[in-house]
Amino acid sequence: MEKALANQLDRYIYKLQEASLKLKGTRSVGEIKTKHDNSAIATKSAVDFLAYCALIQFVRRNIGSLSQPSCVALVCVPSQWLLSDIEDAAKIIFNNAKQFKICLHPTSKHKRGWEIDADELLASDKLIIFARAGSMVHEDFELAATVRDRLSLCDARHIHALSGLRGCGALTDEQVEVIARQPSERMEAIFRRGQPAKRAAERLMDAHRKSIDRPAQHLDLSKGFGEAGVWAKELKRDIQEWREGKLPWPEVDKGCLLFGPPGTGKTRFASALAAECDLHLEAASISKWQSFKDGDLGDMLKAMYQAFGAAKENAPALLFIDEFDSIGDRSKFPSQHETYSTTVVNALLECLDGIGDREGVVVLGACNHPQKIDPALLRSGRLEKHVSFPLPDAAARSEILAFHLPSLSEEPALKEIGARLPGKSGADLERLAREARRIARRENRSVTIDDVRARIKVPAPLDAATLHRVAIHEAGHAIVAHALFIGKIERVEIYDNVHRFATVMDANGLTTVEISAREFTTRWDIIKMITMHLAGAAAEDLVLGHRSNWASGTRDSDLSQATTLAIKMVTEYGFGNSLYFLPGSVDIESAVTLWEDQPLRDEVTEILQEQYQRARDMLDGLRPTLLKLADALVKEKSLDAGQLELYWPGAPKRTNVLRQ
């Protein structure tokens, strides 16, 4: 068997040599060694053998062009293969053909330019350039290329031959197909001499089956995902029309950035989106790229290009990049890491621009802090669509629980439980379902709704004094918002955790204000918003003599929102004591940054203190209204817009109508 394969390949090479010699003189491809010991090549290296066979095919397809007096061949190498592997095989093929110059093209262009001398290389009469799929190519090589081709690495015939030469047994077509998709680094592990290759192939196939059978594929993207679900529906329709030839690819969204709190299901959404649109899913993350091999710049870029290359080869595909905010912003890199980080951002920009043709590839990034991302990455043509991915609402929480507990999906109490878990992320709900299943599994029975209830921490009922404090706090927000004409107060609620529970956010009360969107803002607009945010704490201070911690403690708290607005006033809008414009100069997510900037800290403190006192003074003048509204909230627990009209300053007094 081995001898027959070796003779067959030798005859193949001999025919190539014979054809080239017929072209005579300067039209010869040069000296190609014709009698290789193919068994020895395969025994030495599985990678060398497959690359060697692919190069033989390349020579056969392009023998006429390669025999010309001058030739520049630009050869694309699949992203899962290392260029150095191709170089070794090329040395075997072109043994002593010195007129052929071999070039391994760099995978990225540095700020200082290309790390190759194109003029020197193009001085050679015959040049073969191997470039990784998906990476940029030097402009001069693009202009000079007389041959453009792509190596057919891992051809089915070559894999069968390799398995035979290494004594690895026969393979089915399905096994060959899964092996062909693997990176070059895995070939030695698959084709262990004398060991059955089908064993490794079956393991790869099992892993692939598990990946395509993920539960997330069954998620209904039209429910519980808000704006992201709407975008998914539009993308599915556009991709279907593109497949049918009704829509050109430039009309399809090139990329999207999902941003929101941790644990909201952005990764699960990506998997479900790929399944819904029938796209190949290529999953990556910034940290995964950074940890590739030794983690140096070359390895980082290699992993990045491999991800984009794999997505292109499997197009139509969805390339999901998690932790996208880890890429950073070039304007904020510390000096000791600036060169490394800037090169990474530039390389990612090149990949997103799609100079090497990104048709059929949608890039989906996910992050928690979009403000930390270089703005150039988020412009049109790159990650142009920006979709908020918030914590799930009451309906979505119930749907997520039903998804993880399908046997209880029709249980009415599941909706009630989902509604009573405000602030819980998709990951939190998945853990709750897992813990409920564990309880049932230990007792060797099916999961019940009581198992779910057993894992829920029920909020303690509020006593009369605490409930009154909550009512004072929310009444303060509502009255100041109404007095400053901030917007329409739709509802004010408090929760006693007995008859009424929080469903929107994890809080003891909530004031909902509808604020009309505006194309511009003024200093007074922002001042009013800060005053409203601080009014709850000011109301407590005014009526009860001190405030509680309800106005602070989280990123969504009253004090957090007021502080963020004050920082933007000073650094972005020029509404502070200075007119300078320094957007993004302060990392709002890091309190340490603000604490270290003494002038900014002083100015922000001044703004907050002034508006806190403004809120307190306003409420002091409206104290009877504040107390009346708070008493009504304690009694009713919830007041809508119509009911609130009776409690605003200047509202007509209610009269009792006697019924007969």
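The values are calculated or read from the model by the stated rules, or taken from the named source; none is laboratory data. Bear in mind that the values here come from a model prediction, so they are computed numbers and not experimental data. Cβ atoms come from the backbone with ideal geometry, glycine included; neighbour counts cover every protein chain shown.
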- Message: It is to be established whether one or more residues within segment 419-438 are touching a residue at least 40 places away in the same chain (Cβ under 8 Å) and in contact with a helix residue (DSSP H, G or I) (Cβ under 6 Å, 6 or more places away or on another chain).
- Response: yes
- Message: For segment 471-486, which positions are over 14 Å from Tyr647 (Cβ atoms) and buried (at least 24 other Cβ atoms within 10 Å of the Cβ)?
- Response: His473
- Query: Can you find even one residue in segment 526-539 that is within 32 Å of the chain's Cα centre (by Cα) and among the hydroxyl-bearing types (Ser, Thr, Tyr)?
  - Reply: no
- Note on the structure: Of the residues in segment 152-176 that are of a type in the set (Val, Ile, Thr) and over 18 Å from Asn314 (Cα atoms), the one that is surrounded by the most Cβ atoms within 10 Å (Cβ to Cβ) is Ile159
- Exactly one of (1) in the same structural domain as Ala207 (by TED's automatic domain parsing); (2) surrounded by fewer than 19 Cβ atoms within 10 Å (Cβ to Cβ) is unmet by Ile179. Its number? (2)
- Message: Against the definition (loosely packed, with under 15 Cβ neighbours inside 10 Å, modelled with pLDDT of 80 or more and under 30 Å from Phe292 (Cα atoms)), how does Ala207 come out, yes or no?
- Response: no
- Message: Suppose the filter is assigned by TED's automatic domain parsing to the domain that holds Gly365 and either under 17 Å from the mean Cα position of the chain (by Cα) or aliphatic (A, V, I, L, M) (or both); does Gly265 pass it?
- Response: yes
- Of all residues in segment 595-629, how many are assigned to a helix (DSSP H, G or I), crowded, with 17+ Cβ neighbours inside 10 Å and not polar (S, T, N, Q)? 13
- Scan Asp173, Asp155, Asp140 and give me the residue that is in contact with a Leu (Cβ under 7 Å, 6 or more places away or on another chain) and acidic (Asp, Glu). Asp140
- Across (1) modelled with pLDDT under 90; (2) over 23 Å from Asn497 (Cβ atoms); (3) not basic (Lys, Arg), Ala419 clears everything bar (2)
- Note on the structure: A careful count of residues in segment 150-196 that are over 23 Å from Ser84 (Cα atoms) and among the hydroxyl-bearing types (Ser, Thr, Tyr) gives 1
- Note on the structure: Condition set in contact with a strand residue (DSSP E or B) (Cβ under 8 Å, 6 or more places away or on another chain) and part of a loop (DSSP other than H, G, I, E, B), scope segment 487-497, selection surrounded by the fewest Cβ atoms within 10 Å (Cβ to Cβ): answer is Gly487
- Any hit, segment 323-333, residues being in a helix (DSSP H, G or I), more than 17 Å from Phe259 (Cβ to Cβ), not charged (D, E, K, R) and not assigned by TED's automatic domain parsing to the domain that holds Pro78: yes
- For segment 593-624, the count of residues that are of a type in the set (Ser, Thr, Tyr) and at pLDDT 95 or above equals 1
- Message: Pull out all pairs, ordered by first then second residue, where Cβ-Cβ is under 7 Å, the residues are six or more apart or on different chains, the first lies in segment 385-402 and is assigned to a helix (DSSP H, G or I), and the second is among the β-branched types (Val, Ile, Thr).
- Response: Ala394/Thr503; Leu401/Ile417
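A quick yes/no check of all residues on (1) surrounded by 14 or more Cβ atoms within 10 Å (Cβ to Cβ); (2) at pLDDT 85 or above; (3) among the polar types (S, T, N, Q); (4) outside the structural domain of Pro316 (by TED's automatic domain parsing):
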| position | (1), (2), (3), (4) |
| --- | --- |
| Leu221 | yes, no, no, no |
| Gly226 | yes, no, no, no |
| Val230 | no, yes, no, no |
| Arg237 | no, yes, no, no |
| Leu247 | yes, yes, no, no |
| Asp253 | yes, yes, no, no |
| Leu257 | yes, yes, no, no |
- Query: Which number in (1) in a loop (DSSP other than H, G, I, E, B); (2) of a type in the set (Ser, Thr, Tyr); (3) surrounded by 13 or more Cβ atoms within 10 Å (Cβ to Cβ) marks the one condition that Ser446 misses?
  - Reply: (3)
- With respect to Arg500, is the statement that it is under 33 Å from the mean Cα position of the chain (by Cα) and in a loop (DSSP other than H, G, I, E, B) true? no
- Note on the structure: Just one listed residue, out of Thr531, Thr511, is outside any strand (DSSP E or B), at pLDDT 90 or above and buried (at least 16 other Cβ atoms within 10 Å of the Cβ), and it is Thr531
- Message: Show me the helices (runs of 4 or more DSSP H) found entirely inside segment 50-137 where at least 3 residues are closer than 27 Å to Val363 by Cα and modelled with pLDDT of 85 or more.
- Response: none
- Task: Exactly one condition in (1) in contact (Cβ under 8 Å) with a residue 40 or more places away in the chain; (2) under 11 Å from Lys637 (Cα atoms); (3) in contact with a strand residue (DSSP E or B) (Cβ under 6 Å, 6 or more places away or on another chain) is not met by Leu510; state its number.
- Result: (1)
- Query: How many residues does segment 302-328 hold that are surrounded by fewer than 24 Cβ atoms within 10 Å (Cβ to Cβ), of a type in the set (Gly, Ala, Ser) and closer than 22 Å to Asp238 by Cα?
  - Reply: 2
- Residues of segment 359-384 classified as touching a strand residue (DSSP E or B) at 6+ places or on another chain (Cβ under 8 Å), outside any helix (DSSP H, G or I) and not small (Gly, Ala, Ser), total: 11
- Task: State whether the residues of segment 405-425 include one that is part of a helix (DSSP H, G or I) and closer than 30 Å to Leu629 by Cβ.
- Result: yes
- Task: Go through (1) under 12 Å from Leu74 (Cα atoms); (2) small (Gly, Ala, Ser); (3) free of Cβ contacts under 8 Å to residues at least 12 places away in the same chain and name the single condition Ala131 misses.
- Result: (3)
